[in-house]
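The values are calculated or read from the model by the stated rules, or taken from the named source; none is laboratory data. The structure displayed is predicted, hence computed values, not measured ones. Neighbour counts run over all protein chains shown; Cβ positions are idealised from the backbone, glycine included.
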Amino acid sequence: MRRKIVMGNWKMNSNSESAEALLKGLAEQWTGVHQAEVAVCPPYPYIALAKSVLENTNIGVGAQDVSQHEAGAYTGEIAADMLADIGCQYVLVGHSERRDYHKESSELVAKKFAAVSAKGMIPVLCVGETLEEREAGKTFDVIGSQLMKVVDHCGLAGVAKGMIAYEPVWAIGTGKTATPEMAQDVHSYIREVMGPEGDQIRIMYGGSVKPESAEGLFSQKDIDGALVGGASLSVEDFVAICRAAE
Ligand code: PEP
């Protein structure tokens, strides 16, 4: 059985005050032991705050990105070692906003995935097609190629130590959610590509997930949870999505 997981990606939102309020709200509402695993990925400056506010809770903490380099003269970069050092358990790699705005290639994403894994954290590989690619019937090709670049670098077993988030680019921050069936098709394809490791790897769906859409998505057999952007900035909405995963 794969444990359901819901992760919040705060992106470049919040400040000390709003981050603390959000974290305290989550700590109050997501108490005790739960079937679902829950984590938040605040911006770097608030990771330490998240670790401290969430210390006695069952809510994990992750980062939104990482450098592929170990250490050294890379101004502005954050090493996997540093994230592990401050207690991060998860790190997103290859989010579509990084692939698009920062021109991150799948080769680079593969190196980041390996860097996170090497430091004992769980890398979350984000993959997804654009609307143009979907309409051209290239969804599986695009997802397959993004995934295979990481498999080539880390091996199937290496990828299976992490998690995958299927996030159709056209559904991120747009209010358009893939139907549960559309998402299920891609999740099932990802399991196929993962071969013998396909059954065990957890695959989240991401793209405008809201409390109203969560249950339908989670009822699909290959959808193991959600990576949540916008709705993770509201305690009520995020907790409602986490409850739907129980
Ligand atoms: C995301 O950024 O990973 C995401 C899924 O965002 P949203 O839920 O806002 O579409």
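Looking at region 188-206, I want the residues that are aromatic (F, W, Y) and have a partner that is outside any helix (DSSP H, G or I) and modelled with pLDDT of 95 or more with Cβ atoms under 7 Å, at least 6 apart or on another chain. Which pairs are those?
As it stands, the answer is Y205/Y166; Y205/I223; Y205/A226, since those pairs meet every condition given.
Kindly indicate which of E215, E167 is modelled with pLDDT of 95 or more, within 18 Å of R3 (Cβ to Cβ) and not polar (S, T, N, Q).
Working: E167 fails: within 18 Å of R3 (Cβ to Cβ).
Exactly one of E215, E167 is modelled with pLDDT of 95 or more, within 18 Å of R3 (Cβ to Cβ) and not polar (S, T, N, Q), namely E215.
(1) closer than 22 Å to Y90 by Cβ; (2) of a type in the set (K, R); (3) within 16 Å of the ligand (Cβ to nearest atom): which one isn't true of K176, the others all being true?
If we test K176 against (1) closer than 22 Å to Y90 by Cβ; (2) of a type in the set (K, R); (3) within 16 Å of the ligand (Cβ to nearest atom), just (1) comes out false.
Is there a residue in region 120-142 that is of a type in the set (S, T, N, Q), touching a strand residue (DSSP E or B) at 6+ places or on another chain (Cβ under 7 Å), surrounded by 14 or more Cβ atoms within 10 Å (Cβ to Cβ) and modelled with pLDDT of 95 or more? Talk me through it step by step, then tell me what you get.
At the first step, the residues of region 120-142 found to be of a type in the set (S, T, N, Q) are 130, 139.
In the following step, the residues that additionally are touching a strand residue (DSSP E or B) at 6+ places or on another chain (Cβ under 7 Å) were identified as none.
No, region 120-142 contains no residue that is of a type in the set (S, T, N, Q), touching a strand residue (DSSP E or B) at 6+ places or on another chain (Cβ under 7 Å), surrounded by 14 or more Cβ atoms within 10 Å (Cβ to Cβ) and modelled with pLDDT of 95 or more.
Only one of these conditions is not met by A165: (1) within 16 Å of the ligand (Cβ to nearest atom); (2) without any contact (Cβ under 8 Å) to a residue 60 or more places away in the chain; (3) of a type in the set (G, A, S); (4) closer than 23 Å to R98 by Cβ. Which number is it?
Among (1) within 16 Å of the ligand (Cβ to nearest atom); (2) without any contact (Cβ under 8 Å) to a residue 60 or more places away in the chain; (3) of a type in the set (G, A, S); (4) closer than 23 Å to R98 by Cβ, the lone unmet condition for A165 is (2).
Given L147, L131, which one is within 16 Å of the ligand (Cβ to nearest atom) and either over 19 Å from the mean Cα position of the chain (by Cα) or of a type in the set (A, V, I, L, M) (or both)?
L131
Within region 190-214, which residues are more than 13 Å from the ligand (Cβ to nearest atom) and touching a strand residue (DSSP E or B) at 6+ places or on another chain (Cβ under 9 Å)?
Scanning region 190-214 gives I190, R191, M194, I201, R202, I203.
Per-residue answers, yes or no, for (1) buried (at least 19 other Cβ atoms within 10 Å of the Cβ); (2) within 16 Å of the ligand (Cβ to nearest atom); (3) among the β-branched types (V, I, T); (4) over 29 Å from I201 (Cβ atoms):
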site	(1), (2), (3), (4)
I5	yes, yes, yes, no
N9	yes, yes, no, no
K24	no, no, no, yes
W30	yes, no, no, no
H34	no, no, no, no
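From the set of residues in region 215-233 that are touching a residue at least 40 places away in the same chain (Cβ under 8 Å) and more than 10 Å from the ligand (Cβ to nearest atom), which is farthest from the chain's Cα centre (by Cα)?
Q220
Counting only residues that are of a type in the set (S, T, Y), give me the helices (runs of 4 or more DSSP H) lying completely in region 1-99 with at least 1 of them. Reasoning before the result, please.
On the way: elements: 16-29, 47-53, 80-85.
So the answer is 16-29, 47-53.
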